[in-house]
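Notes follow the structure.
Read-outs: derived from the displayed coordinates by stated rules, not from any lab. Keep in mind that what you see is a predicted model, and the values were worked out from it rather than measured. Cβ coordinates were reconstructed from backbone atoms using ideal geometry, including for glycine residues, and neighbour counts include every protein chain displayed.
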């Protein structure tokens, strides 16, 4: 497909990265401080994927996407694989805000006008996280149900299919259909209740071990801790919306992570992976 002249102007940087929202854009541009990367807001997981794929289809090989993991698997294990050509990088964390739950950085930032210590902030973060154990259990059960009923779903029929018998066989003799009855049989109310209890135990264990920082709902916890460290009454004239404050606080956390040399390793690895992709593109173009 021919390249679009207007998008040649849009994709002006060596690396062009679609992200889900403004907070992600502001945070990454701050911690990476890389003029070789241009950022664009794609408006959600599916939007980012579609825009990155569309650019690739039109010949823009230096356009990528970045999404939160949400309820999908991460592809971080493949970020540095030179044989992989996927366009969208999926974070290991549930969402970008998980990387902002950094107690020392929050304690040092200018919005901590209540003067909480890093230990006090960490205690409040963990307290907020404790309220998400059942949320995490429900999320994990939904992921299991999707696996049961979506994995190996019947593929599209071949174009040579031309009669009712073949159409029925294509569906009913597929591995997915053959396992459907067994999957349905164990997916009753009692089975769901058991799954929820098991996953709640696992979520509680992650809370105890600290693994919750990757898996739990970072956005809500980040907003909660922001309201606990910042007293608006002490800052007359500054009255942002909750979303605008989240962005301002994310920028502050980024600045402190740079000062404290505590940039999350996942994001350092992502930056390196994008640069490596660019180097391979340059190498291919010159060979």
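Things to note:
- Using C-alpha pairs below 8 Å separated by at least 6 residues, the relative contact order for the chain is 25 percent.
- Approximating the spin labels as points 7 Å out from Cα along Cα→Cβ, the residue 260-to-residue 177 distance works out to 5.7 nm.
- Residues 199, 147, 22, sorted so that the one with the fewest Cβ neighbours within 10 Å comes first: 147, 22, 199
- For the pair residue 231 and residue 205, a Förster radius of 45 Å applied to the C-beta separation gives a FRET efficiency near 0.80, rounded to the nearest 0.05.
- Size-normalised alpha-carbon gyration radius of region 83-195, reference 2.2 N^0.38 Å: 1.79
- Taking every C-alpha pair closer than 8 Å and separated by at least 6 residues, the mean separation divided by the residue count of region 100-260 gives a relative contact order of 45 percent.
- Value of relative contact order over region 100-180, rounded to a whole percent, pairs C-alpha under 8 Å and six or more apart: 20
- What the Cβ-Cβ distance of residue 244 and residue 196 gives, at R0 = 30 Å and to the nearest 0.05, is a FRET efficiency of 0.25.
- Convex hull volume per residue in cubic angstrom - Cα atoms of region 63-147: 134
- When shorter helices are ignored and each DSSP H run of at least 4 residues is given -39500 (n - 2.57), the per-residue value for the chain at 222 nm works out to -18000 deg cm²/dmol.
- Computed Rg/Rh of the chain, alpha carbon atoms with Kirkwood Rh: 1.04
- Efficiency of FRET between residue 269 and residue 110 - r from beta-carbon atoms, R0 25 angstrom, step 0.05: 0.30
- Taking a quarter of the surface of the Cα convex hull of region 100-260 gives a mean projected area of 14.9 nm².
- Distance histogram in 5 Å bins (all Cα pairs of region 181-287, percent per bin): 2, 8, 10, 12, 12, 11, 11, 10, 9, 8, 4, 2, 0
- Label-to-label distance, residue 22 versus residue 146, with points set 7 angstrom from Cα along the beta-carbon direction: 2.8 nm.
- Calculated over region 1-117: convex hull of Cα atoms, volume per residue (Å³): 131
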